[in-house]
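Worksheet for the structure shown next.
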Amino acid sequence: MKAAVVEAINRQINSELGASYSYLAMSAWCERQKFTGAARWLRLQSQEEYMHAMKLFDFILARDAQVDLKPLEKPRQKFKSLADVFERALAQEQEVSRQIDALYETAFKEKAFAAVAELQWFLTEQVEEEKTAREIVAKFKLIGNDPAALIDLDRELGERVSAAAPSTPATT
């Protein structure tokens, strides 16, 4: 693979790990506020973002390229409300979508067709990630500060089950 593509994928690995770290911080905030359902949802989201990073990590290794891990920025740890947490989550997913689009464009321009094929999964995944976050934010807007509704939504968020790990060329 061309150096520009490897470098771009390495940046995305770091971004996915940063998203995982951010979701973990959000989960900790929710846990401290006793929103245990939201904390569970966010912890599972952190694990999912980590799996995304590992999918790219394994792809780089399968192509016999160099993985280049960078330091992670400290994530935001204070939020105004539970709704604020999920508004931040939506904004994060929208940013990751922009990053994936740019990465796909780089791979396409460089004619890195194996990377283009690998990244198709991420494009589809980001549509679902944004949709889910947008739906949760909409529910928060609908219920406002109604304590009973917040408790119900927290319970609903806690019912999330973990997603299966995506397959990668290095492991299949």
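Observations, loosely collected:
- Under DSSP loop assignment and at most 10 Cβ neighbours within 10 Å, longest GluC sites (Glu not before Pro)-free interval of the chain: 74-158
- Tail beyond 18 Å, pair distance distribution of region 75-136 (Cα, percent): 45
- Percent accessible area from carbon and sulfur atoms, region 1-158, protein chains only, probe 1.4 Å: 53
- Angle in degrees between helix 82-109 and the longest Cα principal axis of the chain, rounded to the nearest 10: 10
- Prolate/oblate/rounded label for region 1-72 (Cα gyration tensor, a/c 1.5): prolate
- In the chain, the C-alpha radius of gyration followed by the widest Cα-Cα span (Dmax) gives 17.1, 55 angstrom.
- Using R0 = 35 Å, the C-beta based FRET efficiency linking Ala149 and Glu128 works out to 0.90.
- A straight chain from Val67 to Lys139 at 0.36 nm per residue would run longer than the Cα-Cα distance by 22.0 nm.
- The order of Ser22, Ser81 by accessible area, most exposed first and with a 1.4 Å probe, is Ser81, Ser22.
- Between Leu44, Ala117, Asn145, the Cα set farthest toward the positive side of the dipole of the chain (charges on each charged residue's Cβ, about the Cα centre) is that of Asn145.
The values are calculated or read from the model by the stated rules, or taken from the named source; none is laboratory data. None of these values were measured; they are calculated from a predicted model. Glycine also receives a Cβ, built like all others from the backbone with ideal geometry; neighbour counts cover every protein chain displayed. SASA here: full protein model, heavy atoms, side chains in, ligands and nucleic acids out. Shrake-Rupley method; radii C 1.70, N 1.55, O 1.52, S 1.80 Å.
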